[in-house]
Amino acid sequence: MGHPTDPGRVLQLGLRPNLAQFSLLVAVNALVGGMLGQERTVLPLLADTAFGLTAYTAALTFILAFGATKAATNYLAGTLSDRYGRKPVLIAGWLIGLPVPLLLIWAPSWWCVIAANILLGINQGLAWSMTVVMKIDLVGPSRRGLALGLNEAAGYLGLAVAAFATGVLAASYTPRTIVWGGAAVISATGLALSVLAVRDTAAHVALEQELHDERSARPIDLRTAFLRATVRDPMLRACSQAGLVNNLNDAVAWGLAPLYLAAHGASVRQIAVVAAAYPVVWGAGQVITGWVSDLIGRKSLISGGMLVQSAALVLLVVGNGRFGPALVAAVVLGVGTAMVYPTLIAAVSDVGLPLDRARSVGVYRFWRDFGFVLGALVAGVGADTTSPRAAIAAVAALTAASGLAVALTTWQRRPHFELAPVS
């Protein structure tokens, strides 16, 4: 089952034969997550302290800008990677992220922060998408859930470490300086690793396609992929709506929860602990849930995880902004998200041919990250017109409904070829 690429090297699918490149991509995605995490605790607070924004909607505009840009970039990332290669798109993502720290440190107004988050959305859409797709390319179908669990775990643990570190340091140093310094180091390191060490995975896609005995097949176009994942295929449609709602409540946890806790007297350090606990549990748990989804299937983890997330948001409302209940809610929300996040991408990757994978994943990630846009609007407008508690409660109800929709969807595990036991 070898596919020669250069003298002395035989190409194989699987985790073990590709461990070096797989581990490198895990490290790169930890940096991608860290790039986002260094904003997670501090930026919602900066809206008030540095720029004088008092309305929740105005403070959450940076999440809306980030989410809209990342969603659109996700949508195009698959087509771009099929045309130009995975590695060039990954490098482009890091190059676009380089100006972010400069915009944050020099921002004379909130609109410069918005511009920085537009660039950050493109950075995340290109770089994170490529680490996802390249890991799937390397491992093949039999370890897909585990691979995605490791990828997402690395990204969100990187996010959690950055969120906690910036929150703690912001209590002693200028918050904007902390965000600028972290972004500069992370983006430079990620770019260097991607240019010097990452290898493209196009040959692995060709090998998997060959093992499908579909060597003459042509990939579906982007419009067909969009309609398939949005309307035509029940499984993909269920995944798209669950991903959207998952990131909708993540936007609430990111943008509204810190302001909600601060309004009830929580310190910056306490907010940092809550902001970090959620992605720590989410990140670490995905290694287990991704692997489990390979064994028991995807549906039960997705529907159950959405219901667990809903329960966490209810606990946050009932706790009325107190630190103890908020911390427990963050942990429970992390558990629910860990059940859902890698499993959804694995479920989308299960459907269709290898040549279609990048586009299908891109469409799913478009809908998932469009949840940031809706979450910012629901959280901001809801908090301004009613109260933060009412906005969080509404999102909890929507999350429960999403989980029930998945549970009611007819779900069939799609057959695929089995690899020789090399991984």
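We did not get these values from a lab; they are worked out from the coordinates using the rules stated. Small disclaimer: the values here were computed from a predicted structure and weren't measured. Don't worry about glycine lacking a Cβ; one is built from the backbone with ideal geometry, like all the others, and counts go over all protein chains shown.
Some points to look at:
- Within segment 333-354, backbone nitrogen closer than 17 Å to the virtual label 7 Å beyond the Cα of Leu408 toward Cβ: none
- Of the chymotrypsin sites (Phe, Trp or Tyr not before Pro) found in segment 57-155, none is in coil by DSSP with at most 16 other Cβ atoms within 10 Å of its Cβ.
- Calculated mean residue ellipticity at 222 nm for the chain: -26000 deg cm²/dmol, from DSSP H runs with n ≥ 4 weighted as -39500 (n - 2.57), summed, divided by the residue count and rounded to 500.
- Across segment 327-335, coupling constants 3J(HN,Hα) worked out from phi with the 6.51/-1.76/1.60 Karplus curve, θ = phi - 60°, read 5, 4, 4, 5, 5, 5, 4, x, 4 Hz, and Gly and Pro carry x.
- 3J(HN,Hα) from dihedral phi, segment 377-391, Karplus parametrisation 6.51/-1.76/1.60, rounded to Hz, x for glycine, proline: 5, 5, 5, x, 5, x, 5, 6, 8, 10, 6, x, 4, 5, 5
- Amide H contacts of Leu11 (H built 1.01 Å from N, under 5 Å, at least 5 apart or other chain): His3, Thr5
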